[in-house]
């Protein structure tokens, strides 16, 4: 009986360890950068062979600008899911990215869902990725014009590993390969403001009386304060 109890305990520990490892494998990059081969490249976006837009990835590795002049910021990457934010707004979009860094560095496939969602006061990372990443309704191909024509990467899944249906969950081990060349961003911190105390100068003024009175002058103003007894 003791052997069975110990055996059950060991199995429970194995299951728990596997669960913990699987959950911790889903790494989030926040803030994030795009893959370095995309920097300073203009991608043509198309679905079913029809051109939709151009995305110009900027040299800062963190933004891209669409054909109509909207600039999107790389907000967060969780597994293979890219969350971008429309600069100057509270609108976010999420795309599952399928990208072969070595085989086709200037081409990738991504899923497009509903229009951008608004999340008020969302400045940090999304701890619940399922809020923003939903099952896409169509897949698009992004390709730099003139680059080699290669088969599109296989779209084997469409929602993050921890999200419920509808949709096929991706692996927690999925990533967007980045390459080298783009710096790793660091979170923005707000410096503490140091308040300098107001300086005062005491000037003794002699009067006809035997006592001495003091007038106070403030360093930023030439007006005198009332005389104190």
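Readers should treat all values here as calculations from the given coordinates under stated rules, not as data from a laboratory. All values derive from a computational prediction rather than experimental measurement. All Cβ positions, glycine included, derive from the backbone under ideal geometry; neighbour counts span all protein chains shown.
Taking a ≥ b ≥ c as the square roots of the eigenvalues of the Cα gyration tensor, region 21-184 is rounded, since a/c falls below 1.5. FRET efficiency for the residue 70 to residue 173 pair, using the beta carbon distance and R₀ = 25 Å, is estimated at 0.15. Stretched out straight at 0.36 nm per residue, the stretch from residue 56 to residue 121 would grow longer than its current Cα-Cα span by 20.7 nm. The simple spin-label model puts a point 7 Å past each Cα toward its Cβ; for residue 47 and residue 154 those points are separated by 2.4 nm.
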